[in-house]
1. With a cut-off of 8 Å between alpha carbons and a minimum separation of six or more residues, what is the relative contact order of the chain in percent?
2. Over all distinct alpha-carbon pairs, what is the Kirkwood Rh of the stretch 68-167 in angstrom?
3. Report ³J(HN,Hα) in whole Hz for each residue of the stretch 72-85, in order, from the Karplus equation J = 6.51 cos²θ - 1.76 cosθ + 1.60 where θ = phi - 60°; Gly and Pro get x.
4. Check cross-link reach from Lys93 to the lysines: straight Cα distance under 18 Å, and skip same-chain residues fewer than eight apart.
5. Using a 10 Å cut-off on Cβ atoms, rank the peptides 149-158, 65-74 from the highest mean neighbour count down.
6. Within a Cβ distance under 13 Å of Val51, other residues only, what is the Lys/Arg minus Asp/Glu net charge?
7. When the helix-only estimate is applied to the chain (DSSP H runs of n ≥ 4, each -39,500 (n - 2.57), divided by the residue count), what is the mean residue ellipticity at 222 nm, nearest 500 deg cm²/dmol?
8. Just grab the label-to-label distance for Ile177 and Arg97, each label 7 Å out from Cα along the Cβ direction, in nm (one decimal).
Amino acid sequence: MIVLDSYMAMVLPDDIATRISEFIAGRRSFPIVGRDELMCMMYLYGKTGGVIGEKQVEEVNGFAQRTASQLGQEIDIYANSSAKLDPEYIRGKYINRQLQLTVENKPERMAGDPAILSDCFAQHIAYYKQDYFFELYGPLKDSEITSDIRPMLAGRMVMVCCNRKGAQETGLAHPLIPVYVWFRDQAGANP
């Protein structure tokens with residue numbers, strides 16, 4: 001099942017895990033991302049086995065649509081409730097999630113946890129009243145990827161979500177550039 005072979009990360013800002021950890025510890029205030037900073041979420045489908053065949057491509061398309069819809073709903077919830085954008089409410093929510101991960105023996109995932117990263121993205125979009133877009137790419141071909149990251153991305157599908165109205169407003173030559181840089185920085189580590 002392709003859904004179980006997926007991965008999510010916030011690739012921009014590149015120090016988001018540190019910012020979230022500092023916010024939870026009370027050493028950083030909300031908002032932890034500046035109004036003009038580019039935020040980029042990456043959803044990788046087929047992490048270990050790739051996306052093979054039309055059936056899996058369709059499965060990814062459906063999963064990606066549900067992910068985009070769910071994130072859109074979360075943004076609307078935050079945008080329509082100033083209480084949910086209160087820094088202490090957000091900190092408490094992150095701490096509760098941290099406790100849940102600790103109980104599940106996954107404390108190393110805390111600042112990179114998909115639930116926390118999705119919340120962080122949704123909170124900042126709602127706080128700044130920003131637009132956002134999703135783009136789904138792939139399955140990626142060898143010719144679309146540099147050789148150093150080809151083993152990690154060839155045959156996979158990637159969805160990016162950025163806090164801009166469209167890809168043209170990111171200031172990037174292509175929305176996948178932050179994803180490629182992130183994978184290059186991982187230097188062969190499996191996400």
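The values are calculated or read from the model by the stated rules, or taken from the named source; none is laboratory data. Everything quoted here is computed from the prediction, not taken from an experiment. Note: ideal-geometry Cβ built from the backbone for every residue, glycine included; neighbour counts use all protein chains shown. Quick note on the areas: whole protein, heavy atoms, side chains included, nothing else; ligands and nucleic acids left out. Shrake-Rupley method; radii C 1.70, N 1.55, O 1.52, S 1.80 Å.
1. 28 percent
2. With all distinct Cα pairs of the stretch 68-167 included, I get 15.6 Å.
3. The phi angles translate into x, 5, 4, 4, 4, 4, 5, 5, 9, 9, 4, 5, 6, 9 Hz.
4. Leaving aside lysines fewer than 8 places away in the same chain, those within reach of Lys93 are Lys84, Lys106.
5. Descending mean neighbour count gives 149-158, 65-74.
6. Local charge sum for Val51: 0.
7. Mean residue ellipticity at 222 nm (helix-derived): -14000 deg cm²/dmol.
8. According to this spin-label approximation, the distance is 2.8 nm.
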